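Scroll down for the structure; my scribbles are underneath it.
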Amino acid sequence: MADESNEVKEEVKDDQEILRRVFNILRENSPELVGFWLLTIIWPPQVLERTEKGTKKTVFVNFMDYCKTMHRNVDHVMAFLLAEVGTRGTLDEQQRLVVRGRFTQKHFESLLRRYILEYVMCIGCKSTDAILSKENRLFFVRCEMCGSGRPVPPIKLNFGPRRRTAQVSRD
């Protein structure tokens with residue numbers, strides 16, 4: 001009886017090992033669910049509000065952690081988020097994303113889910129093990145699991161200087 005419990009303890013060393021085993025079994029039996037798990041495992045964004053010289057700003061504290069988890073370029077993720085919220089932002093000294101305006105944690109969470117669906121997840125096998133590459137001025141997502149690839153839309157900037165067009169009088 002004691003020998004059996006020692007064998008079990010040796011097999012299961014820590015929580016990370018258990019989680020890795022579960023994902024491997026899941027990947028073998030139901031590969032379509034693997035990408036879904038990344039969406040549900042992602043922790044909530046840490047968002048702080050701060051006021052500086054009369055302007056309200058939102059600080060996305062764990063922005064760099066998200067970029068590392070998704071294996072995506074910081075500039076690409078930042079461009080997507082800023083284009084979606086329609087404002088400007090920068091990285092501060094502590095590598096946190098500082099965005100002009102007030103935004104909630106739920107807002108950033110929904111934007112990150114949309115980014116994952118559009119720029120991280122493979123449509124064919126739902127795997128998040130995909131590489132974002134740029135070929136001939138177009139971005140492509142290439143899946144490492146099934147080998148499929150697809151073009152992804154460029155990030156459209158929704159903000160910037162507005163140009164006024166001359167109004168034509170219609171008589």
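Rule-based calculations on the coordinates, nothing more; no lab input. This is a predicted model, so every value here is computed, not measured. In this analysis, Cβ positions are derived from the backbone assuming ideal geometry, glycine residues included, and neighbour counts consider all displayed protein chains.
Quick notes on this one:
- Net charge contributed by nearby residues that have their C-beta within less than 14 Å of Pro151 (K/R +1, D/E -1): +2
- Here the Karplus relation 6.51 cos²θ - 1.76 cosθ + 1.60, evaluated at θ = phi - 60°, turns the backbone of the stretch 119-136 into coupling constants of 10, 10, 7, 6, 6, x, 10, 6, 7, 9, 8, 10, 10, 9, 10, 10, 10, 6 Hz, with x for every Gly and Pro.
- For the listed residue pairs Lys68/Lys126; Lys56/Lys106; Lys106/Lys134, the alpha carbons are over 22 angstrom apart in Lys106/Lys134.
- Length released on extending from Phe139 to Ile123, taking residue separation times 0.36 nm less the Cα-Cα span: 4.3 nm
- Those residues of the stretch 129-146 whose amide nitrogen sits under 20 Å from the label point placed on Asp75, 7 Å along Cα→Cβ: 131-142
- Site pair Glu109 and Ile131 shows an inter-label distance of 3.3 nm when each label is modelled 7 Å from Cα along Cα→Cβ.
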